[in-house]
Structures are given as structure tokens and as C-alpha cells.
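Visitor: One structure coming up, written as C-alpha cells, with questions to follow.
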Amino acid sequence: MIENQKNSRTGNTVLLDLKIERFRYSGAELDSLQHIEVNVAPGSLTVIVGESGSGKSTLGEVFAGILPRQGADQCLGTINLAGQRIEYTGLECQRINVAGWAKHVGLLPQEAGHYLSRIRERVAEELVFSLENEGVPRDEMCQRITALSTQLGLDHLLERDPAKLSGGQERLVALASLAISEPSIMVLDEPLAGLDAEATAAVTEMITRLRAGGTAMVVLSRTAKPWAGKVDALRTLANGQLSKASSDDLVQHSVFEPTQRRATPIEANVLLEFGDVQLVHPGAERPVLDGLDLQVRAGECVGLAGANGSGKTTVLKAAAGLLRPTAGSLAVSATTGMLLQNSSDQLFERTVLREVSFGLPKKGAQRSRVPEVLSQLGLEAFAETHPYELPASVRRLVALATVLVREPRTLLLDEPTEALDSAGLARLQEVIDSVLIRGGAVLLSTHDKEFMNRTTHWVHLMSENPEPTAPDS
Amino acid sequence: MPKSINLHPFTVLALTAAVVTMTTAAGLWWLSCAVITVCVLVAGWTGHLRRLAVLSAAILIPTFASLLLIHGLVSQQASGLIAVAGPFRVTEGGLEAATVLGLRTAVLVVAGLLCTLLISKHQLVAAIDLSPAPPQVGYLLAATLFLLPHMADKQRTIGQAQALRQAGTGRGLSGWFQRVRLRAVPLVLASLQDAHDRSSHLSARGFPAAGSHTRLRTVADSVTQQRVRWISLLCAVVGPTAILAPFWGSA
Amino acid sequence: MSPNLLLPEETSSQVLRRRILATAGTLLLIGTYLVLVITQPTGIAEGLGQGVALVTFAAYLAAAVMLLVAVLPDLPVSTLTLIPVALALNIILGQFVGSVMVPLYLDSIGTVLVGFLAGRRAGAATGVLSTLIWSLFAPTVLPFAAGAALVGFLAGTAARFGALRRPYLAPVAGVVAGVLVGVVSAPVAAFVFGGTSGVGTGAVVAAFRSMGDSLLSAVTKQALISDPGDKAIVFLIAALLIYALPKRLSGSFDFIRRYRVLGQRGTK
């Protein structure tokens with residue numbers, strides 16, 4: 001039963017022992033988790049690998065005592081934590097003290113920003129939010145902040161506004177806010193997803209430091225790669241069931257073959273042309289970018305690269321007609337369709353089918369394309385599901401479907417790989433190929449270098465945004 | 001550059017309450033005008049004059065117009081007739097009533113808004129957290145103030161997203177209803193989902209505090225300010241009574 | 001020391017105090033209303049008018065705050081996170097809808113939404129809080145807190161007794177709520193502010209006044225013209241928004257499950 005015999009640090013004690021016979025959300029027809037058995041030893045690293053929709057996040061919330069919700073979800077099982085035994089027997093479960101539980105097991109949600117209270121002016125205040133609720137004296141809070149900030153290297157963030165952090169910084173602050181309560185186990189849901197190389201390094205570094213301090217980690221992730229060589233126990237989660245895996249077959253398994261840039265197509269019509277374009281956000285004083293020259297030809301897939309804030313999204317929005325250039329010329333000679341970065345903003349119907357066919361004339365050609373588009377993206381099975389009940393990856397594909405059904409000649413994609421799992425990525429790749437074969441063009445922005453290299457013919461590097469100069473007044 | 005006032009937020013609130021109640025009770029047009037002038041001067045000194053003017057005008061102009069319609073145009077008073085035409089009767093008394101009522105509202109609006117502009121939001125939240133008020137109040141105030149600009153942004157993004165889909169271009173009543181639906185449904189869905197996702201983590205962080213709670217942020221206070229607060233509150237309650245008591249016998 | 005993982009069973013020691021507060025708040029509201037309607041104080045601009053204005057203002061505000069303090073500790077965190085969203089929705093949707101063409105307020109969509117999702121106590125608390133916070137930007141709404149509490153309370157009550165099980169029932173419940181809210185809020189408009197705050201509503205009041213009505217009855221009649229229609233539309237929009245929610249989300253509210261608020265829709 002004990003997984004970590006090879007690990008000398010663990011000894012014989014087990015911090016948490018979780019046995020879940022089955023777990024089902026209120027109103028759901030299928031179990032989300034079945035036959036789960038995990039035990040966590042002090043200071044160990046457990047990695048649980050699973051695709052989007054495999055039940056990872058559900059398992060994470062069961063770990064943290066957030067699920068099952070009393071009187072709603074059905075759960076059978078037992079948990080031993082900190083010398084206490086919790087029995088789940090169907091609907092009748094005990095009232096869980098989530099805050100007390102959190103002192104033993106802290107959960108970093110997939111969307112790290114959800115962990116932040118979002119009501120504090122400075123990061124330092126955000127860090128101690130849970131201590132404030134406990135009534136810890138102010139002097140002690142100051143000491144804990146100083147100690148933690150030294151241990152984790154956070155000094156540069158303490159005075160920042162938590163609402164204006166980048167994705168990576170947000171995760172660092174959320175991790176530190178978890179760590180300040182000194183839980184013996186931290187459950188991290190996708191701690192590295194969507195981060196660029198620099199942020200990944202910073203977050204990994206913080207996790208390493210926390211482990212050095214003796215915190216046991218349970219990582220829920222799509223890939224075990226970043227944890228290779230450090231793992232004490234590796235499991236895979238598929239369809240809500242957990243199985244053991246040896247570290248070798250997971251790390252080496254890669255969905256895509258080594259990639260190469262495709263050949264640039266021969267001279268073709270220009271579908272999109274920026275000539276010395278200047279773009280200004282409404283209400284902003286400084287232009288986001290200036291002097292942009294860019295041509296996108298039929299059959300071409302072009303990538304936009306550059307740091308955050310260099311105006312990639314703005315270029316795409318201009319091409320989609322959402323923003324008029326304040327100077328220069330912009331020629332759009334074919335229909336465009338754009339996938340926004342946060343595509344949930346677009347969804348409002350009760351089922352995927354209604355969502356995709358929204359606004360299309362009843363007997364038009366586009367309406368007849370709906371089933372085709374759904375099957376192209378592997379969404380047939382979800383046609384009658386509410387878009388918000390789908391896993392993030394599938395929801396992104398629904399948003400893509402609403403764009404594709406109108407058959408745009410030029411496809412504009414803002415960070416299309418975000419939230420996509422490997423199956424979703426494969427679909428996206430097919431979609432891009434089919435648009436190019438049809439004689440269309442694709443303009444996309446992404447921070448995923450591998451995807452950029454594999455997909456695009458060439459990359460336009462956005463010029464560095466001039467440093468914001470100090471206001472004159 | 002707006003200056004910030006280094007007073008405890010409750011001191012500002014208590015002073016405002018005292019000034020508004022006593023001015024309302026006195027009901028003298030010159031006193032009301034004086035109070036408004038002082039508020040405007042304070043706003044000018046602290047650099048909030050423009051915002052104060054814009055915000056109060058948005059409330060006061062329709063109010064004055066409405067009061068003129070109700071009291072000035074269809075006065076029911078017998079004496080002091082100025083003009084009459086059909087159902088309309090303009091009297092001196094009616095115009096006076098409209099002015100007095102308008103000034104009463106104006107004092108409340110100008111003083112209240114000035115108070116809001118002078119108080120730092122974060123200090124107010126901290127002061128509420130440190131007071132005996134239920135811990136939920138501070139959170140609700142802070143969260144709302146944060147959410148307002150955030151959701152207004154989201155609303156614009158949704159508008160753009162729908163424009164991209166060429167959705168919501170219909171005309172007439174059904175077009176209007178469609179547009180409301182296209183804007184409202186994603187906004188409500190996204191923000192309710194967000195609130196739901198956050199709530200479990202908020203309770204994991206021990207909110208709302210069961211026992212006593214503390215704040216890292218400090219709110220500067222002094223004995224003088226505490227005294228000022230008590231005196232102001234006393235004035236807010238006793239002042240109007242004292243001013244109005246002589247009238248009660250005559251009514 | 002190890003914190004307990006389970007919560008103790010609910011104690012009833014503080015429940016009584018909350019009940020008393022809620023009852024006191026309600027009685028204060030009803031009492032003030034009855035006194036105002038029965039005595040019909042006149043002479044708005046003289047000394048007496050100011051006293052009536054201040055007393056009405058204070059009594060309505062105090063009643064609202066008492067109701068809030070009584071209800072707040074009972075609300076679960078999932079409802080507490082909902083309330084800021086509701087207030088922001090009140091303002092943002094109110095602005096968007098109002099800016100288009102209709103001469104209604106539509107500023108209570110969020111409050112009604114919370115009432116539908118989380119019950120009448122949560123609805124009432126949302127109404128009061130939203131008014132208190134909105135008063136930071138528009139001080140004149142402060143004494144209308146009690147009316148806003150009533151909107152939320154009635155929305156929750158309507159949902160509990162099945163107003164959401166059929167789409168056409170929601171606006172009917174809205175009309176009833178509108179009548180009650182209009183009647184209760186009219187004294188504030190009449191005695192504190194001496195009329196209304198909008199030009200359109202002011203014209204309606206002036207029309208009734210020219211027919212010889214007293215200020216209170218003119219304002220009440222105006223409220224009976226605008227409020228039921230307004231609340232009917234708000235209840236309808238809120239109901240349609242609830243229908244659009246995914247079941248996993250709506251089903252996570254205890255209130256919705258316990259009273260089968262959505263009827264067949266919730267279970268299919």
C-alpha cells in the first residue's frame with residue numbers, strides 16, 4: 001500500500017489517506033470519480049496526470065474538503081486526515097469545516113486568481129487574508145510576511161496591486177498566500193499551465209523551495225514532464241479512475257512528432273495588409289503600436305510574437321474590424337472571423353447546437369454546415385449540452401465552431417492554444433490546415449513556442465513597446 | 001492632483017451626517033447655500049471639484065426639474081398667484097416650496113458625494129473591518145467596489161465579441177430584446193460562475209471570520225477624532241430635535 | 001493544536017436575537033408607514049416638513065439596517081460572493097437597458113436574481129446592501145433601502161412558491177411586487193424629497209397634483225403606474241437569465257433544490 005518506500009524522507013507516517021468509492025455531482029448522471037485511493041506522505045511529491053475533463057479538478061476539490069457539498073453531491077468513501085476520520089456515506093455527509101481543513105490541505109485552483117480575495121490593495125495584505133480572519137495579531141502577521149517573503153523570494157511583489165499582476169505573478173502570490181497558513185499538504189491544480197518559460201521557472205522555483213520546507217505536494221497536471229526525476233508517486237487519471245504509472249512511459253509519450261516549419265506557399269493574393277498602421281485604444285493617450293507593416297497572403301499562416309502588452313491582440317482586433325487605425329492603411333480583402341482569448345465571453349445559448357447555429361438563416365448554406373463543423377471539432381456528442389458545463393478545452397472548441405460555421409476566409413486566433421488539451425490541439429491543427437487548403441489565411445498570436453514553430457509559415461515579431469515615459473505633468 | 005484627507009473615514013462620515021441633518025432641520029435657504037458653498041470650497045481645495053460638479057449635477061438637475069413641475073407648475077396654494085393657464089397655477093409659495101425642497105436634496109447630495117470623494121475606499125473597508133460591524137460588510141463593500149469597473153470592462157468585451165459574431169444587429173423591439181439578451185446572458189453567466197468558483201476558496205481562507213479578526217492595514221485615529229465623532233453623532237440626533245421642538249407645539 | 005475538520009451542529013442561541021431584530025425592523029417600517037399615511041402631515045416647506053423628512057429618512061434607513069444585521073450572519077459564503085455581482089449587475093444592466101429607450105428604472109435585476117437563486121433573506125440583504133453602496137455615488141437613494149429590501153424579499157418569496165416554474169408566472173409576481181414596493185416607497189419620495197427625482201415621473205406626479213390630489217396620493221399613484229410594469233419586466237428578465245444558467249450552477253444553490261424553484265426545468 002505504501003507507495004513511497006524508496007523515499008527516505010517519508011518514514012512510515014501518512015498525512016492523508018483518501019479512499020473514494022465514487023463521487024457524483026448533484027444532478028449528474030454519471031460518476032465523476034470512481035475507486036480512488038491515494039495516500040500522501042510528509043514531504044512527498046505526488047503527480048496525478050489526466051486530460052481535460054478527466055476529473056482532476058474534482059479530485060483536487062475532494063482533497064481540499066470543498067467537495068462534496070453537503071446535501072447536494074453524492075460521495076462514498078473515507079478520508080483520514082490529521083488523525084481525524086471523515087466518513088462520506090452517500091448524500092448524508094457531515095458538515096465540513098472548510099477553513100479548518102485548509103490548514104492541513106491547501107488547494108491552488110487551476111485559475112489561480114480565484115484563490116485571491118480580490119479585495120485588497122496590496123499583495124502583502126492579500127497574503128495575510130486568512131491570518132486576518134483567524135485574528136492573528138498584527139505584529140505576528142508582519143513577521144510571517146517577512147519570513148515567507150525571504151523564503152520564497154517575493155519582496156519585489158509585496159507592494160503591488162493584486163489586480164494588476166501577470167498570470168505567472170498571480171500564481172506566485174496565490175502559492176504564497178496558501179503557504180502562509182503552513183499547510184502540511186498543498187494540492188496544485190495545473191500550476192504551470194499557460195505560463196511562458198520565465199514564469200514557469202519562477203513558479204517551479206517556488207514549489208521547490210516550499211518542498212524544501214517540508215510541505216508535501218500533490219500536483220494535478222496534463223503532463224508529468226516538468227516533474228520528471230522528482231516524483232515520488234505518479235498516477236494517471238482517466239474517466240475518473242486512477243491507475244499507477246511508471247514515470248518513463250508518461251514523460252516520453254509525446255502527442256506530436258518533432259516538428260518542422262512548413263514551406264511557404266507560392267505567391268498568392270494578399271488577404272490582409274497593414275501599411276504603416278498606428279493603433280490606439282479608445283480613451284488611451286499613447287498608441288499601442290505604431291508603424292506596423294504586415295502582409296498576410298492566401299494559404300499562409302502567420303504568427304504574431306512579442307512580449308505581453310506589445311499589441312498582438314490589438315492587431316487581431318483591427319484585422320477583425322473592431323478597431324480602426326488612427327494612421328496608415330489597413331486593407332482587408334476577405335471575410336474574417338476571430339476567436340477571442342477569453343472565448344467564454346461569446347457564449348450565451350443553452351446548448352452547443354443552438355450556440356453554433358445562432359443567427360444563421362434557417363435555410364441558408366451556413367446552417368447546413370453546422371453538423372459538419374461540429375463533427376470536424378469532435379463536438380457531436382455535446383450538441384445538447386450547456387456550453388458552461390463542458391470542460392474548458394471543449395468550450396474553447398465550441399467558440400471556435402461559432403467562428404468556423406460562418407466560413408471566414410481569414411481566420412484570426414488570439415492565443416488559440418490556451419486551455420486546449422492535446423486532443424483539442426490536434427483539432428485546432430486540423431482546422432488551421434483546412435482553412436489554408438481552402439485558400440484562406442490564418443493570423444494568430446501565441447506564447448506557445450512549440451505550437452508557433454509547428455504551425456506558422458513565418459512569425460512577425462512585434463516591436464518592443466516603448467517604455468512608458470513618466471507623465472509630464 | 002487630488003489631495004487625500006488624513007482623517008479616519010468614520011470621522012468624515014459622522015461630520016457629514018451631523019451637517020446634513022442639522023441643515024435639513026434648520027431649513028433656512030441661506031444656511032443650505034452656505035453649506036453647499038463650503039462643500040464646494042473643500043472640494044476645490046482637495047482637487048475633487050470637477051468630479052463633484054459632474055456627479056451632483058447628474059442627480060440634481062433632474063430633481064430640480066421634477067420639483068419645479070410638481071410644486072411650481074401646479075401649485076395648490078391660494079395666495080401669491082403669479083400666473084394661471086388651464087390646469088397650471090404658478091404661485092410664489094409653490095416656487096418657494098420647490099426651491100426649499102431642492103436645496104434640501106442638494107445639501108444631502110453635495111455633502112454626501114464630497115464625503116465619498118474624500119474617503120479612501122481601502123481605508124473605509126479597513127475601518128469597517130476593524131469596527132464591531134459583521135465581517136461580511138467590509139468584504140461586500142470592497143468586493144462591489146472592485147467588481148464595478150471589472151464588470152463594466154467585461155460588458156464592453158462581450159459587446160465586441162457579439163459584434164464579431166455579427167450578432168445583435170436586429171431592429172425594433174425584438175432586436176432590442178435580442179441585444180439585451182446577448183449582453184446580459186454572457187455577463188450573468190460568467191460572473192455568477194466566477195462568484196461560485198471563488199466562494200469555496202474564500203471559505204477555505206476562513207471567511208467570514210467566526211471570532212475576532214484583525215487587519216494588517218492600520219487606520220490612523222486619535223482621541224481628538226474619537227471625540228469629534230461622538231460629538232458629531234450627538235449633534236446629528238439632538239440637533240434636529242432641538243431645532244424643531246419649538247415648532248411641534250404650534251402644529 | 002489541530003483545528004476541527006467538522007463544523008459543530010448549528011446552535012439556536014443567536015437565532016432568537018436575529019429574529020427579534022428582523023421583527024423590530026419590519027415593525028418599524030410598517031409603523032412609520034402607517035403613521036405617515038394616517039396623519040398625512042402637510043406643510044412640506046415649513047418646520048414640520050423638515051421633521052417629517054428626517055424622521056421618515058431615519059426610520060426607513062434604520063429599519064433596513066436592522067433587517068440587514070439580522071440576515072447577514074445567516075448567509076452562506078456562496079451567497080455572499082453573489083451579492084457584489086448582483087449589485088454590479090443592478091448598476092450595469094440598469095444603465096445598459098435604461099439607456100436604450102424605455103422610461104423605467106430596471107435597477108433591481110441583480111437583487112431579484114439573488115432573491116430567485118438564494119431566497120428571500122438573501123434577496124432582502126442584497127437590496128439593502130446595494131442601496132447602501134449605491135448611496136456612496138448617489139446619496140439620495142439611501143432612504144429607499146427598505147423598498148429595495150422588499151423587492152428582494154418578494155422575489156425570494158415568489159420563487160419559493162413556484163413563480164419560476166412557468167415563464168409567464170414571473171411577470172405576474174413582478175406586478176404584485178411592484179404594487180407593494182411602490183406603495184411602501186411613496187412616502188419617502190413624498191416626505192423626504194417632496195416629489196420624485198426624474199423628469200418623466202415628476203410630470204406624472206404634477207398631472208395628478210393638478211387634479212387636486214395631495215402630494216402623497218399623487219406620488220403613490222405615480223408609483224402604481226411605473227412600479228408594477230417595471231418590476232414585471234425585471235422579474236421576467238431575471239427569470240430568463242436563471243433559465244439560461246447551466247444546471248450544475250443553479251443546482252448548487254440550496255434554496256433552488258429545497259423548494260424545487262425551477263420545477264421540471266431543474267430535474268430534466
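Visitor: Any chance segment B:193-206 includes a residue that's over 29 Å from the mean Cα position of the chain (by Cα), modelled with pLDDT under 90, in a loop (DSSP other than H, G, I, E, B) and surrounded by fewer than 21 Cβ atoms within 10 Å (Cβ to Cβ)?
Guide: No: zero hits.
Visitor: Let me ask another. C:Ile242 versus (1) away from every other protein chain (no Cβ under 12 Å); (2) modelled with pLDDT of 90 or more; (3) in contact with a Ser or Thr (Cβ under 7 Å, 6 or more places away or on another chain): which is the lone unmet condition?
Guide: In the conditions (1) away from every other protein chain (no Cβ under 12 Å); (2) modelled with pLDDT of 90 or more; (3) in contact with a Ser or Thr (Cβ under 7 Å, 6 or more places away or on another chain), C:Ile242 misses (1) alone.
Visitor: Check B:Gly175 against each of (1) of a type outside the set (Ser, Thr, Tyr); (2) open to solvent by less than 30 Å² (accessible area, probe 1.4 Å); (3) under 31 Å from the mean Cα position of the chain (by Cα) and name the one condition it does not meet.
Guide: For B:Gly175, the failing item is (3).
Visitor: Within segment A:204-243, how many residues are open to solvent by 50 Å² or more (accessible area, probe 1.4 Å) and in contact (Cβ under 8 Å) with a residue 60 or more places away in the chain?
Guide: Of the residues in that region, 7 qualify.
Visitor: List the helices (runs of 4 or more DSSP H) inside segment A:40-131, counting only whole elements, that have at least 2 residues being modelled with pLDDT of 90 or more, in contact with a helix residue (DSSP H, G or I) (Cβ under 9 Å, 6 or more places away or on another chain) and more than 7 Å from every other protein chain (Cβ to nearest Cβ).
Guide: A:123-127
Visitor: Can we say A:Thr455 is of a type in the set (Ser, Thr, Tyr), over 25 Å from A:Leu322 (Cα atoms) and surrounded by fewer than 20 Cβ atoms within 10 Å (Cβ to Cβ)?
Guide: no
Visitor: Further, regarding this structure: Give the residues of segment A:120-129 that are open to solvent by 10 Å² or more (accessible area, probe 1.4 Å) and not acidic (Asp, Glu), sorted by residue number.
Guide: Residues satisfying the conditions are A:Arg120, A:Arg122.
Visitor: Go through segment A:293-326 and give me each residue that's aliphatic (A, V, I, L, M), open to solvent by 10 Å² or more (accessible area, probe 1.4 Å) and outside any loop (DSSP other than H, G, I, E, B).
Guide: Selection gives A:Ala305 alone.
Visitor: Answer yes or no as to whether B:Asp221 is facing chain C (nearest Cβ under 10 Å) and touching a His at 6+ places or on another chain (Cβ under 7 Å).
Guide: For B:Asp221, the condition - facing chain C (nearest Cβ under 10 Å) and touching a His at 6+ places or on another chain (Cβ under 7 Å) - is not met.
Visitor: If you don't mind, another one. Out of everything in segment A:414-434 that is of a type in the set (A, V, I, L, M, F, W, C), open to solvent by 20 Å² or more (accessible area, probe 1.4 Å) and in contact with a helix residue (DSSP H, G or I) (Cβ under 8 Å, 6 or more places away or on another chain), what residue ends up being modelled with the highest pLDDT?
Guide: Of segment A:414-434, the ones of a type in the set (A, V, I, L, M, F, W, C) are A:419-420, A:423, A:425-426, A:428, A:431-432.
Subset that is open to solvent by 20 Å² or more (accessible area, probe 1.4 Å): A:419, A:423, A:425-426.
Right, trim to in contact with a helix residue (DSSP H, G or I) (Cβ under 8 Å, 6 or more places away or on another chain) and you get A:419, A:423, A:425.
Numbers: A:Ala419: 78, A:Ala423: 85, A:Leu425: 89.
The selected residue is A:Leu425.
Visitor: Output the residue which, of all residues in segment C:231-254 that are in a helix (DSSP H, G or I) and touching an Asp or Glu at 6+ places or on another chain (Cβ under 9 Å), is most open to solvent (accessible area, probe 1.4 Å).
Guide: C:Arg248
Visitor: In this structure, does B:Leu147 turn out to be crowded, with 22+ Cβ neighbours inside 10 Å, part of a helix (DSSP H, G or I) and at negative phi? Give the derivation first.
Guide: On the way: crowded, with 22+ Cβ neighbours inside 10 Å: yes; part of a helix (DSSP H, G or I): yes; at negative phi: yes.
The answer is yes for B:Leu147.
Visitor: Quick check: is even one residue across segment B:154-167 more than 7 Å from every other protein chain (Cβ to nearest Cβ), surrounded by fewer than 20 Cβ atoms within 10 Å (Cβ to Cβ) and either modelled with pLDDT of 85 or more or not in a loop (DSSP other than H, G, I, E, B) (or both)?
Guide: yes
Visitor: Tell me yes or no: at least one residue of segment C:102-109 is assigned to a helix (DSSP H, G or I), more than 8 Å from chain B (Cβ to nearest Cβ) and at pLDDT below 80.
Guide: No: segment C:102-109 contains no residue that is assigned to a helix (DSSP H, G or I), more than 8 Å from chain B (Cβ to nearest Cβ) and at pLDDT below 80.
Visitor: Going by the conditions given, is A:Ala193 closer than 21 Å to A:Ala419 by Cα, among the small types (Gly, Ala, Ser) and either at pLDDT below 90 or not in a loop (DSSP other than H, G, I, E, B) (or both)?
Guide: Yes.
Visitor: May I pose another question? Go through segment A:460-473 and give me each residue that's at pLDDT below 90, within 24 Å of A:Leu271 (Cβ to Cβ) and either outside any loop (DSSP other than H, G, I, E, B) or open to solvent by 50 Å² or more (accessible area, probe 1.4 Å) (or both).
Guide: Correct list: A:Leu461, A:Ser463.
Visitor: Pick from segment A:86-127 the residues that are without any contact (Cβ under 8 Å) to a residue 24 or more places away in the chain and either among the aliphatic types (A, V, I, L, M) or touching a Pro at 6+ places or on another chain (Cβ under 6 Å) (or both): which of them is nearest to B:His196 (Cα to Cα)?
Guide: A:Ile119
Visitor: Here's something else I'd like to know. Going by what's in this entry, would A:Ser344 be described as among the hydroxyl-bearing types (Ser, Thr, Tyr) and either under 22 Å from A:Gln110 (Cβ atoms) or touching a Lys or Arg at 6+ places or on another chain (Cβ under 6 Å) (or both)?
Guide: Yes.
Visitor: Against the conditions (1) open to solvent by 30 Å² or more (accessible area, probe 1.4 Å); (2) more than 30 Å from A:Glu51 (Cβ to Cβ), where does A:Gly100 fall short? Just the number, please.
Guide: Single failed check for A:Gly100: (1).
Visitor: Oh, and also: Just to check your reading of the model, which residue among A:Arg367, A:Arg354, A:Arg350, A:Arg396 is within 23 Å of the chain's Cα centre (by Cα) and under 24 Å from B:Arg179 (Cα atoms)? Don't jump to the end; show me each part of the working.
Guide: Numbers: A:Arg367 fails: within 23 Å of the chain's Cα centre (by Cα); A:Arg354 fails: within 23 Å of the chain's Cα centre (by Cα); A:Arg350 fails: within 23 Å of the chain's Cα centre (by Cα).
Criteria check complete, one pass: A:Arg396.
Visitor: Related question: Tell me, which helices (runs of 4 or more DSSP H) lie completely within segment B:15-131 with 3 or more residues that are within 12 Å of chain C (Cβ to nearest Cβ) and surrounded by 21 or more Cβ atoms within 10 Å (Cβ to Cβ)?
Guide: In segment B:15-131, the matching helices (runs of 4 or more DSSP H) lie at B:49-67, B:92-118, B:121-130.
Visitor: Looking only at segment B:178-200, decide whether some residue is in contact (Cβ under 8 Å) with a residue 40 or more places away in the chain, aliphatic (A, V, I, L, M) and facing chain C (nearest Cβ under 10 Å).
Guide: Kept after step one, since they are in contact (Cβ under 8 Å) with a residue 40 or more places away in the chain, are these residues of segment B:178-200: B:191.
Narrowing further to those that are aliphatic (A, V, I, L, M): none.
Checking segment B:178-200: not a single residue is in contact (Cβ under 8 Å) with a residue 40 or more places away in the chain, aliphatic (A, V, I, L, M) and facing chain C (nearest Cβ under 10 Å).
Visitor: Now a separate question. May I ask you to list the residues in segment B:137-161 that are over 30 Å from A:Asn133 (Cβ atoms) and without any contact (Cβ under 8 Å) to a residue 24 or more places away in the chain? If you could, list the steps in order and put the result at the bottom.
Guide: First pass over segment B:137-161, keeping only residues over 30 Å from A:Asn133 (Cβ atoms): B:155-161.
If the condition is that a residue be over 30 Å from A:Asn133 (Cβ atoms) and without any contact (Cβ under 8 Å) to a residue 24 or more places away in the chain, then B:Arg156, B:Thr157, B:Gln160 are the ones that fit.
Visitor: While we're on this one: Can you name every residue in segment A:69-85 that is free of Cβ contacts under 8 Å to residues at least 24 places away in the same chain, over 22 Å from C:Pro76 (Cα atoms) and surrounded by 13 or more Cβ atoms within 10 Å (Cβ to Cβ)?
Guide: Answer for segment A:69-85, where residues must be free of Cβ contacts under 8 Å to residues at least 24 places away in the same chain, over 22 Å from C:Pro76 (Cα atoms) and surrounded by 13 or more Cβ atoms within 10 Å (Cβ to Cβ): just A:Gln84.
The values are calculated or read from the model by the stated rules, or taken from the named source; none is laboratory data. Because the structure is a prediction, the values reported are computed rather than measured. Cβ atoms come from the backbone with ideal geometry, glycine included; neighbour counts cover every protein chain shown. When the accessible area is computed, the model is the full protein with side chains, heavy atoms only, and any ligands, DNA or RNA have been set aside. Shrake-Rupley method; radii C 1.70, N 1.55, O 1.52, S 1.80 Å.
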